[in-house]
Amino acid sequence: MSGVKSCWNPSNSPDAPQHCGFRGPTLTLDHQRALYRRWTTNPGTHPHEALIGLAALLHAATTTELRHLTDAAVDTVRRTLHFPGRPNPTPTPLDAATWHALQRCLDHRARTGTANPHILTTRLTITTRTPAGAAHIRDSLTPASLLPQILRSTRLLTLAAQLDIELLTAALGMSYSGVTPYLNPAHQPYGP
């Protein structure tokens, strides 16, 4: 691996500091606003795109968490959603936009007549009880020209700047080493 230096390597010279912050792409505030409008005001947007986009951008949902969402994760009385795999037993309260996107997904699924308990179903999974694949999560955001990780990274950078690291790791089930790069970012905004 010539020319590539890791963040911590005992063979690196002590006078060559390495930046260990997050280097991936994130969205500008204007781009986030445009996507939010797309997912909340455009009735032609597929329900899966809207839910995946809003859940990742506003709630830092991972692809795995989105794939494994089931009816059991939804509390219609409290308007909350428990993202599977998060250690916090308290479900995530949903804002009005994400709640509406969730309802659109549930309505979309109900029209298929499937018995699959997963919120995001595909042509292949409506006859089974398996979750949609990771490719479906990625492909659902293709009309917005995005990858889910960019949305999540954008949210994590904001949360890392605003929250105590212990709260962030507890809320999202991340390790300290997973959150640390977001505390000292060196990223480039991603945008249209």
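Only the coordinates and a few stated rules stand behind these numbers; no lab work does. Remember, it's a predicted structure, so these values are computed and weren't measured experimentally. Here Cβ is always computed from backbone atoms with ideal geometry, including for glycine, and neighbour counts include all displayed protein chains.
Summing Lys and Arg as +1 and Asp and Glu as -1 over all other residues whose Cβ lies under 14 Å from the Cβ of PRO148 gives a net charge of +1. Per-residue extension of 0.36 nm, minus the Cα-Cα distance of THR80 and THR130, leaves a gain of 15.7 nm for this segment. Positive contributions from Lys and Arg (+1) and negative ones from Asp and Glu (-1), summed over other residues with Cβ under 11 Å from the Cβ of GLU65, come out at +3. The relative contact order of the stretch 26-175 comes to 31 percent, based on Cα pairs under 8 Å that sit 6 or more residues apart. Taking amide H atoms as placed 1.01 Å from N in the peptide plane, the amide H of THR92 lies under 5 Å from those of LEU81, HIS82, PHE83, each 5 or more residues away in sequence or on another chain. Using only the Cα atoms of the stretch 37-141, build the gyration tensor, take square roots of its eigenvalues as a ≥ b ≥ c, and label the shape rounded, prolate or oblate: rounded if a/c is under 1.5, else prolate if a/b is larger than b/c, else oblate. Verdict is rounded for the stretch 37-141. Close amide H pairs (under 5 Å, H built 1.01 Å from N) link THR70 with ILE119, residues at least 5 positions away or on another chain. Working ranking of peptides 52-64, 96-108 by packing, defined as the average number of other Cβ atoms within 10 Å per residue, highest first, is 52-64, 96-108. Under 5 Å from the amide H of GLY133 lies no amide H of any residue 5 or more positions distant or on a separate chain, with H modelled from the backbone and absent for Pro and chain starts.
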